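Presented below is the structure to which this report refers.
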């Protein structure tokens, strides 16, 4: 009990809360525990009223105090009479308790292990369902494109191809050249023990063309183009531009998603081929510097080790990776919520999902090609 807060019982079952003095955060707000303990007593208070005739200045500190009491009254079915409060605080209190507080600070330990398993299973099931639905709609849009009925602007396709292809050359050049150098350096040291340093060219060439160039290019574009797709479509969702397209009779899948899917699927094999060349050049530089192997001899050994099949398999992988990265980016963008934080979440999810898809697809395609004898 303080000089600002006094409790009285004018009759049985009624609690009168008398407020006096300044109720501001700067001057300090009494704890509502004394009032809450009275409300929770059984048998106890059935009616609660206020007397604020002696109250002075007040701010949102008073509102915080009263809201805790109002929530307790609602929980314990206590009738709350706010007529004795200042007129201004009455309206604010009604607004404060109109929307229930979202419990976001719940201790995760309160959730049982079985509930966690169930929640994760339901989320995974919904995620797979949404993914299959999105892929099905994208495939139907592609079939409409083949029939010439898709509403797709060529200018959008060319713009996306430039963004996914030409604009990505600098980062692809840097990363793949360094990857080739690293691979050449790490393979040259053990091969030197057997006097087989010339086979660095074979190892680097096959590894780069078949695996590393498509995979690393896809990972780079997952963080670049996939994130851009999710951010663009997510922002359009927040601004209700996608809803406007639907209202105008345009399919967002054909108008927005299809150009991005086609652009990344077409550009990925070309970028992978360019990345393969850069990786081989990186390995050649290391072999020349570390082992003294001439550029001519290195390229001759590389040509002997590589075949058209190796490039074809790398192109197939790059094409598949491009589709998966585009699907991840566009899908997360279309699933975005309607807030700024939701756009950030969608962008992050697009990058993570795209990289996971690429790694899984790499394992699957490698197993398939191995079984087929390639």
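The values are calculated or read from the model by the stated rules, or taken from the named source; none is laboratory data. In this text the structure is predicted, and so the values were computed from the model without any measurement. Every residue, glycine as well, gets a Cβ built from its backbone with ideal geometry; the counts of neighbours run over all protein chains shown.
Screening residue 148 with (1) at pLDDT below 85; (2) farther than 19 Å from residue 289 by Cβ; (3) assigned to a helix (DSSP H, G or I) gives one miss only, at (3). Within the stretch 316-358, restricting attention to residues that are more than 28 Å from residue 238 (Cα to Cα) and without any contact (Cβ under 8 Å) to a residue 60 or more places away in the chain, the residue that is farthest from the chain's Cα centre (by Cα) is 316. One residue stands out in the stretch 335-354 among those that are crowded, with 19+ Cβ neighbours inside 10 Å and modelled with pLDDT of 90 or more: the one that is nearest to residue 129 (Cα to Cα), namely 353. Determine whether the stretch 267-277 contains at least one residue that is under 18 Å from residue 199 (Cα atoms), within 34 Å of the chain's Cα centre (by Cα) and surrounded by fewer than 24 Cβ atoms within 10 Å (Cβ to Cβ). Yes, there is a match, as at least one residue in the stretch 267-277 is under 18 Å from residue 199 (Cα atoms), within 34 Å of the chain's Cα centre (by Cα) and surrounded by fewer than 24 Cβ atoms within 10 Å (Cβ to Cβ). For the stretch 285-300, filtering for residues that are outside any helix (DSSP H, G or I) and free of Cβ contacts under 8 Å to residues at least 24 places away in the same chain leaves 2. Taking the condition of being surrounded by fewer than 21 Cβ atoms within 10 Å (Cβ to Cβ) and either touching a strand residue (DSSP E or B) at 6+ places or on another chain (Cβ under 7 Å) or touching a residue at least 40 places away in the same chain (Cβ under 8 Å) (or both), how many residues in the stretch 303-315 meet it? The total comes to 8.
Okay, residues lined up against (1) closer than 23 Å to residue 87 by Cα; (2) surrounded by 13 or more Cβ atoms within 10 Å (Cβ to Cβ):
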| position | (1), (2) |
| --- | --- |
| 8 | yes, no |
| 14 | yes, yes |
| 17 | yes, yes |
| 32 | yes, yes |
| 45 | no, yes |
| 48 | yes, yes |
| 54 | yes, no |
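All conditions but one from (1) within 30 Å of residue 23 (Cβ to Cβ); (2) surrounded by 10 or more Cβ atoms within 10 Å (Cβ to Cβ); (3) modelled with pLDDT under 80 apply to residue 102; the one that does not is (2).
Considering (1) touching a helix residue (DSSP H, G or I) at 6+ places or on another chain (Cβ under 6 Å); (2) assigned to a helix (DSSP H, G or I), the lone condition that residue 274 does not fulfil carries the number (1). Residues that are surrounded by 12 or more Cβ atoms within 10 Å (Cβ to Cβ), within 20 Å of residue 257 (Cα to Cα), touching a residue at least 24 places away in the same chain (Cβ under 8 Å) and in contact with a helix residue (DSSP H, G or I) (Cβ under 9 Å, 6 or more places away or on another chain) are absent from the stretch 179-193 altogether.
The rows are residues; the columns are (1) at pLDDT 90 or above; (2) under 20 Å from residue 281 (Cβ atoms); (3) in a helix (DSSP H, G or I).
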| site | (1), (2), (3) |
| --- | --- |
| 171 | yes, yes, yes |
| 176 | yes, yes, yes |
| 182 | yes, yes, yes |
| 190 | no, no, yes |
| 217 | yes, yes, yes |
| 221 | yes, no, yes |
| 230 | yes, no, yes |
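Being touching a helix residue (DSSP H, G or I) at 6+ places or on another chain (Cβ under 9 Å), assigned by TED's automatic domain parsing to the domain that holds residue 287 and closer than 18 Å to residue 299 by Cβ is a property that residue 218 lacks.
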